[in-house]
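The values are calculated or read from the model by the stated rules, or taken from the named source; none is laboratory data. This structure is a prediction, so every number in the text was calculated from the model and none was measured. FYI the Cβ positions are ideal-geometry reconstructions off the backbone, even for glycines, and counts take in every protein chain you see.
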């Protein structure tokens, strides 16, 4: 492998001449067209060379060492339209340009980072959503994914867990896989990020190592025409993250400090002790005194008398957390060298018990012009982050999110003498206070993401770039339970060391040439190699002498030692050829040829092509609509792949399983039969789009319509068992996602002092299973995991609720024929009810700027998703387990004639005569609408006037206050309407005791000098 | 510039070549190997042999050759019943009328997984990997294990040769099981097949056993692997099922002759026979060794306390299947074999205290043949004991010569070893007719082999009704439930596979 890196670099190293040709200089001053005031910190770029500079405090810029030729100079500044002008650089001369910027929105000249190249937006033929740094700069969130939430049409993002640093489920244009669902391909500065070997102690995102303040832009390649260049890894979408780079000019130092508080975004209303007594008495038919005595016998009294406890367990488990966050960055450079250096520290205490996230990171982005033809660079991010985790997502008696439901108010954490109460619902070792104080779940992640690259300009039209990158992540999981928390083992500690070594290198030839002034041809051809090698080792020791030590060496008995490794490799060739005629007619062809170690020997190489075209009608002579600046039609079709089929799913395997040993001889046992034809899942997608821009770029919109068919889905096909094998992995099945995406940005008011801009996006989505093996329904009797042709993934299939019988308070359902029944059967009476697909998602925001004051609000919404809150439903609606009671029981039947939603008070689910178990029978009444609108972010910021900052020799001072997830409007009655079990949850319709999303309020200051 | 071009082109060419299949194919899994690596090395073949034996214990998820094998045929008939309040194996014991669950008796998937390993050893080991003697021995073991698994399947799914009913739902039903004698090496090998007839299946079993006997000739010193004596014993058992009385008697004689040990004949030796720290299976022609510290009864997971061994069901944990009074009543008070029973609470070591054993038998005993004395619910398991050879010899000799007294010698040898008087004095009527002798043999088999996986098959091979402890009929011999069904999901994946009649 290393030979390969060397070679990649060699080609580039030796392929240039160490000599400077004569060069020229571009310089000038950037001003406001209206006022003539100079604009500091505007971004100036020579587009073809991707070299730029930032203006200094007087708006001056200078880019030296530019090879002679014709270039496009592009100047961008927030709140102004992009300035673009062709310039001529001649040997030994200084070309002076003085751009005067018009206020208004950024138009179609902005650059978009697509696959292996940068494209002006007007030349795009596919569908790409871009999120820029200025949109998210003050959003007080830890995760890149949460910052993307609601900001890109058609990209659905749901929190898997509310713990800081937690993971997200990210769906780009819906979920198209059943057994091989995966995250999108994340690429940070050209390095593809591995999803292997993450912690299992808490929810965690592989993007945690990135400091959001370092991000320049996030591009989401949504359609196949854009993503096909990433071939077999692109079917779930591609997210390209670009970090900030230095620009030529005086060194800009940005220091930023911010602090804030956070809390669980929602609480659930449970009955208090007195209400509980009422209900329980009614359910058992006891007097209140009898009931009180019974509960006292069960729970005891915190005061040692006959007073029942009145504990608010939600307050015990969820409290206020504190965040502090500091970032300092330096950027600048001269005509040869540019740099961006930043260091960040974040320390966040989460809301649930001891949950915590902290991160230290260092980033270096360094570019150097070695000769006028050769440029080299290094991007490096080093990070250590730490999470104190929490077990969740299950009905676990010793995990806090479920304990918030399991512990009734009569239960209490501590006895009078301050010791742990041994009589909580599940005894001493599951007392929430013990879980809080006697259990550690430490996750330490060391991460290095970086690359070294060389770019060589062979001549005016050909560039070669080579890159070698590494994504290395080491994750140490340490779980400790004291002898109190784990009495059976007398305490234990588990250490698991995981690492992933993900190497990637590529060599790309980029060419661009114009013929006869109207035929513009650009193209790239490249090769890439990726190796993702992961391993883990895990040990556990039991038995500690008290709570003194938390190390393996202090444990009495070594219990387990296990470890293994796994890897995959991809070798690829790819090409993208683009042609446009006079910037009017565009065509783009992409092809990627991927060889993947996961595929069967007969299908190792796959070809992923796409083609797309665009027509800028507004450039036609006949087009003469004054208020429309830009009208472009786009159409594309292409194929991408999903290789997430398991590293060795195609092979013949004889596995060494120690537990299959005989008399001490480890067995090698046949476990899998090869399918040499096993292959990637394939997504074929057609995309049609229109881009509009009118009123001098004040309003820009994009509309896209797509249909994506994921075919050849991975399934296990049963084999005749008498062959000795039960099934074989095959490519069968198809899922379709189709939808419409709409995005609009407008500058509503653009005065000298006051600017008001609005943005809105929505993605409409429909998901449908088109083909299953032999057309058969999978899991036909499952309420939430039934898969059926013609239905969406995530169908909720339950009997229909008919309400409460007013005569006797019994629950009623409808049977298959629509008749009332007390004993519905899932098999016979369930109907296709709702589903977990969010059919409409998006966001909208407004930004108001008055002089230096900016107010930004951003709302995010999700509609159409329904779900089942299983823990809440099964455990908080009667007294069967003496757990919390949901407020829903207050609306219960009490006497004949009552028309209520909830049946009469009952102790057991089976208390209704000749009636199905009310607790466990999931009907339509158990399914709630998980639609919501959330005030995702609100920021108020104030930039001190230049007149003041100049006096203290600062380039800028900015004060800001912001809040995340401040308000949520939803009909969902439980903790969090974001229902995703894990990042690869295909159903999205069930939540089981997960940490809810956190609400945060922060304030901070940013100083530039 | 020309030099530069050369460098670039050379570099590209090298990269293109390197990126080829080699790099992608050299990725290997950490704990798995490709078949050729296993089948072409001695270590690989030894590990495969370990797999074949381990699978008898540890099929992926079920207990097909373990708890189902040993306890199932007893619970399904009259040897054990559920302790009141316990539900484990209730599906077997509660089978009445048209309900009941015979499916598990067949261990369908487990049996074919064992057969696959056996087929690999018998037919896929490359030449020269093993020395010829070892190669022969392994092949012999594999053929014997294949025969053993096939016989277990065919006795559950088909009528015995000669016992095919002339009327009723099973009239003329002569199908046995799918025969697989070739290893599944490629997807093409996993073809769809139809069931062969019972006669074809028995012919295959006899052929396997005959070859196994010659390959294992003289190998009798280690009963933790397949021995010649075990092959003899199994040959006797299969012939007994097939009604080949003389062949059964001859093979039983061979088993007795080839087995290096003898019947235990003191009260302590008999009582401690199954106890792994005492007798440790002195009569086993083949016993499967299970190490409770490292070996689970299911194939996956870290060894921890395992609660699905026979001991969990009979004596250590759930204490769910309790010997019936019907069984206890079969014993003479002098019988050494009463040492296999003991107080059900005293011998329990896990779980909530068992209560109500006394409702199943008056002494409140549990059966201690499997009692996990090494600290878990896992024991070593005897799949053929010397006593069974004597019982086969007795029954087959009598039937071969059509004379009950011809079987008394072998029967008396066993009775004497168990502390009992000869049958002539203890129950002279048993020698009065072949029918009476068969009844006596069945009783002796209960006394000797209870909860060792025999009772259901003994009744079935003789065409008798399946009975409850009180003597009432549970499944008539002309009921379709006499045969186990082929699991429904197996039918879905193979349209050539025919279900048994009535299901």
As an exercise: evaluate residue A:622 against (1) assigned to a loop (DSSP other than H, G, I, E, B); (2) within 14 Å of chain B (Cβ to nearest Cβ); (3) out of contact with any helix residue (DSSP H, G or I) (no Cβ under 8 Å at 6 or more places or on another chain) and give the number of the one condition it does not meet.
(2)
Please go through the range B:399-428 and give me each residue that is over 22 Å from residue B:337 (Cβ atoms) and in contact with a helix residue (DSSP H, G or I) (Cβ under 6 Å, 6 or more places away or on another chain), ordered by number.
B:399, B:400, B:404, B:405, B:406
Could you say whether any residue in the range A:652-666 is out of contact with any helix residue (DSSP H, G or I) (no Cβ under 9 Å at 6 or more places or on another chain) and touching a residue at least 40 places away in the same chain (Cβ under 8 Å)?
no
Pick out the one residue from A:476, A:528 that is assigned to a strand (DSSP E or B) and surrounded by 21 or more Cβ atoms within 10 Å (Cβ to Cβ).
A:528
Among A:321, A:350, A:343, which is the only one that is more than 19 Å from residue A:884 (Cβ to Cβ), surrounded by fewer than 20 Cβ atoms within 10 Å (Cβ to Cβ) and touching a residue at least 12 places away in the same chain (Cβ under 8 Å)?
A:343
Determine which member of the set A:520, A:501 is under 30 Å from residue A:598 (Cα atoms), surrounded by 17 or more Cβ atoms within 10 Å (Cβ to Cβ), more than 13 Å from every other protein chain (Cβ to nearest Cβ) and touching a residue at least 24 places away in the same chain (Cβ under 8 Å).
A:501
From the list A:587, A:617, A:613, A:628, which one is in contact with a strand residue (DSSP E or B) (Cβ under 6 Å, 6 or more places away or on another chain) and either without any contact (Cβ under 8 Å) to a residue 24 or more places away in the chain or within 14 Å of chain B (Cβ to nearest Cβ) (or both)?
A:617
Residues of the range B:374-394 satisfying the condition of being modelled with pLDDT of 95 or more and over 17 Å from residue B:263 (Cβ atoms):
B:383
Which condition number in (1) without any contact (Cβ under 8 Å) to a residue 40 or more places away in the chain; (2) under 25 Å from residue B:481 (Cβ atoms); (3) within 14 Å of chain A (Cβ to nearest Cβ) is the one that residue B:157 fails?
(1)
Here are some residues: A:130, A:125. Which one is in a strand (DSSP E or B) and touching a strand residue (DSSP E or B) at 6+ places or on another chain (Cβ under 6 Å)?
A:130
State yes or no: is residue A:291 outside any helix (DSSP H, G or I) and at pLDDT 90 or above?
no
With touching a helix residue (DSSP H, G or I) at 6+ places or on another chain (Cβ under 9 Å) and either within 14 Å of chain B (Cβ to nearest Cβ) or surrounded by fewer than 19 Cβ atoms within 10 Å (Cβ to Cβ) (or both) as the only criterion, which of A:691, A:722 stands out?
A:722
Can you name the condition, by its number, that residue B:202 falls short on among (1) within 21 Å of the chain's Cα centre (by Cα); (2) surrounded by fewer than 16 Cβ atoms within 10 Å (Cβ to Cβ); (3) touching a residue at least 40 places away in the same chain (Cβ under 8 Å)?
(2)
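Quick grid of which residues meet (1) in contact with a strand residue (DSSP E or B) (Cβ under 7 Å, 6 or more places away or on another chain); (2) farther than 30 Å from residue A:476 by Cβ; (3) part of a loop (DSSP other than H, G, I, E, B):
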| position | (1), (2), (3) |
| --- | --- |
| A:150 | yes, yes, yes |
| A:153 | yes, yes, yes |
| A:157 | yes, no, no |
| A:177 | yes, yes, yes |
| A:208 | yes, no, yes |
| A:219 | yes, yes, no |
| A:229 | yes, yes, no |
What do you reckon, is residue A:580 crowded, with 17+ Cβ neighbours inside 10 Å, touching a residue at least 60 places away in the same chain (Cβ under 8 Å) and either over 17 Å from residue A:190 (Cβ atoms) or touching a helix residue (DSSP H, G or I) at 6+ places or on another chain (Cβ under 7 Å) (or both)?
yes
Residue B:33 meets each of (1) out of contact with any helix residue (DSSP H, G or I) (no Cβ under 8 Å at 6 or more places or on another chain); (2) surrounded by fewer than 21 Cβ atoms within 10 Å (Cβ to Cβ); (3) within 12 Å of another protein chain (Cβ to nearest Cβ) with one exception, condition (1)
Which residue is farthest from residue A:656 (Cα to Cα), if the candidates are limited to the range A:560-576 and must be more than 8 Å from chain B (Cβ to nearest Cβ) and buried (at least 16 other Cβ atoms within 10 Å of the Cβ)?
A:576
Exactly one condition in (1) touching a strand residue (DSSP E or B) at 6+ places or on another chain (Cβ under 9 Å); (2) surrounded by 21 or more Cβ atoms within 10 Å (Cβ to Cβ) is not met by residue A:308; state its number.
(1)
Residues located in the range A:667-683, provided they are part of a strand (DSSP E or B) and either within 8 Å of another protein chain (Cβ to nearest Cβ) or out of contact with any helix residue (DSSP H, G or I) (no Cβ under 7 Å at 6 or more places or on another chain) (or both)
A:667, A:668, A:669, A:670, A:671, A:672, A:681, A:682
Qualifying residues in the range B:169-178 (those that are more than 9 Å from chain A (Cβ to nearest Cβ) and surrounded by 16 or more Cβ atoms within 10 Å (Cβ to Cβ)) - the one farthest from residue B:207 (Cα to Cα):
B:169
All conditions in (1) in contact with a strand residue (DSSP E or B) (Cβ under 6 Å, 6 or more places away or on another chain); (2) modelled with pLDDT under 90; (3) surrounded by fewer than 16 Cβ atoms within 10 Å (Cβ to Cβ) are true of residue A:598 except (3)
Here's a check for you: in the range A:1-43, which residue that is within 30 Å of residue A:468 (Cβ to Cβ) and modelled with pLDDT of 50 or more is nearest to the other protein chains (Cβ to nearest Cβ)?
A:23
Please indicate, with yes or no, whether at least one residue in the range A:851-861 is assigned to a strand (DSSP E or B), in contact with a helix residue (DSSP H, G or I) (Cβ under 6 Å, 6 or more places away or on another chain) and either touching a residue at least 60 places away in the same chain (Cβ under 8 Å) or farther than 30 Å from residue A:756 by Cβ (or both).
no
Go through (1) under 30 Å from residue A:764 (Cβ atoms); (2) assigned to a loop (DSSP other than H, G, I, E, B); (3) more than 22 Å from the chain's Cα centre (by Cα) one by one and return the number of the condition residue A:980 breaks.
(3)
Step by step: first the residues of the range B:442-470, then only those that are free of Cβ contacts under 8 Å to residues at least 24 places away in the same chain and out of contact with any strand residue (DSSP E or B) (no Cβ under 7 Å at 6 or more places or on another chain), then the one that is nearest to the other protein chains (Cβ to nearest Cβ). Which residue is that?
B:458
